[in-house]
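The values are calculated or read from the model by the stated rules, or taken from the named source; none is laboratory data. Note that this is a predicted model, so its numbers are computed, not measured. Note that each Cβ is placed from the backbone with ideal geometry, even for glycine, and that neighbours are counted across all protein chains shown. Each accessible area value is taken on the protein alone, full model and side chains, heavy atoms only, with ligands, DNA and RNA left out. Shrake-Rupley method; radii C 1.70, N 1.55, O 1.52, S 1.80 Å.
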Amino acid sequence: VVEFLSRRLRIPISVDTSKAEVAEQVLAVGANMINDVWGLKRDPNMAAVIARHQVPVVIMHNREVASYSSLMSDIIADLRESIDIALAAGIERDKIILDPGIGFAKSYQENLNVMYRLDEIVNLGYPVMLGSSRKSIIGYTLDLDKSQRLEGTIATVCQGIMKGCKLVRVHDVLEVKRAAVMMDTMNDVGERE
């Protein structure tokens, strides 16, 4: 599938995997980016594969046990550990993207807290990608099925943009793009004054 798409599309192809063997195979046939939901910690060979191919990597926050002594301090420490793995393997700093891992190893309230404090992850100095589209945080808040979570997704994306996130991963591309363009335009005006 990746090989088929890479021959027909002019847009970058990202593959979600935490397995080095899968990453090696998809990068060899045209994938342009790897998104590792285990932050390079699940497969000890993953970072080396990404470094060898010199592609961007999305390092998502996740952990085996969803227990925190201090939520944001622990998340930032976990992300720094993943960043260290990436840099030690030779992944270039400008190819690292962070993902706060909304919906992964966090309770409903913890997800809300992370959304409120996204700027603390942005302050690590890497682009941050927000993947909040249709997540349970929206479902629990609005009591809606996944198919009805567009407005909640847009709200989380707007929050992410306000907090400094540079990328978003969404299901409803057209609608969210319109909201993101509006947010960017308003933010740009504020920066020029």
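Contact map, the stretch 153-175: first residue among the polar types (S, T, N, Q) and modelled with pLDDT of 95 or more, second residue in a helix (DSSP H, G or I) and open to solvent by less than 40 Å² (accessible area, probe 1.4 Å), Cβ cut-off under 6 Å, separation 6 or more or different chains; pairs are Q159/M115.
The set of residues in the stretch 167-179 that are touching a strand residue (DSSP E or B) at 6+ places or on another chain (Cβ under 8 Å) and either under 21 Å from G125 (Cα atoms) or open to solvent by 30 Å² or more (accessible area, probe 1.4 Å) (or both) comprises L167, V168, R169.
Within this structure, G101 passes the test of being touching a strand residue (DSSP E or B) at 6+ places or on another chain (Cβ under 8 Å), at positive phi and not β-branched (V, I, T).
Among the numbered conditions (1) without any contact (Cβ under 8 Å) to a residue 60 or more places away in the chain; (2) at negative phi, the only one that N35 does not meet is (1). Selection of helices (runs of 4 or more DSSP H) fully inside the stretch 45-127 by the criterion of at least 3 residues being surrounded by fewer than 22 Cβ atoms within 10 Å (Cβ to Cβ) and modelled with pLDDT under 95 returns nothing. Within the stretch 128-139, the set of residues being open to solvent by less than 20 Å² (accessible area, probe 1.4 Å) and either of a type in the set (D, E, K, R) or out of contact with any His (no Cβ under 8 Å at 6 or more places or on another chain) (or both) comprises V128, M129, L130, G131, S132, I137, I138, G139.
Would you say L142 is surrounded by 12 or more Cβ atoms within 10 Å (Cβ to Cβ) and over 17 Å from N111 (Cα atoms)?
On the way: surrounded by 12 or more Cβ atoms within 10 Å (Cβ to Cβ): yes; over 17 Å from N111 (Cα atoms): no.
No.
Please go through the stretch 1-24 and pick out each residue that is assigned to a loop (DSSP other than H, G, I, E, B) and farther than 13 Å from P56 by Cα.
Scanning the stretch 1-24 gives V1, L9, R10, I11, T17, S18, K19.
For beta carbons closer than 8 Å, sequence separation of 6+ or different chains, a first residue in the stretch 97-125 that is more than 25 Å from A86 (Cβ to Cβ) and in contact (Cβ under 8 Å) with a residue 24 or more places away in the chain and a second that is open to solvent by 10 Å² or more (accessible area, probe 1.4 Å) and assigned to a loop (DSSP other than H, G, I, E, B), the qualifying pairs are S107/A66. Remark: pairs (first residue in the stretch 139-151, at pLDDT 95 or above; second residue open to solvent by 100 Å² or more (accessible area, probe 1.4 Å); Cβ separation under 7 Å; 6+ apart in sequence or on different chains) = G139/K146.
Residue count for the stretch 1-24 under the criterion of being open to solvent by 90 Å² or more (accessible area, probe 1.4 Å) and either among the small types (G, A, S) or out of contact with any helix residue (DSSP H, G or I) (no Cβ under 8 Å at 6 or more places or on another chain) (or both): the result is 9.
Give me the residue from the stretch 25-36 that is open to solvent by less than 40 Å² (accessible area, probe 1.4 Å) and part of a loop (DSSP other than H, G, I, E, B) and, out of that set, farthest from E64 (Cα to Cα). Among those residues, the one meeting the criterion is G30.
Applying the criterion of being within 27 Å of G125 (Cβ to Cβ) and open to solvent by 70 Å² or more (accessible area, probe 1.4 Å) to the residues of the stretch 146-166, the residue that is nearest to the chain's Cα centre (by Cα) is K166.
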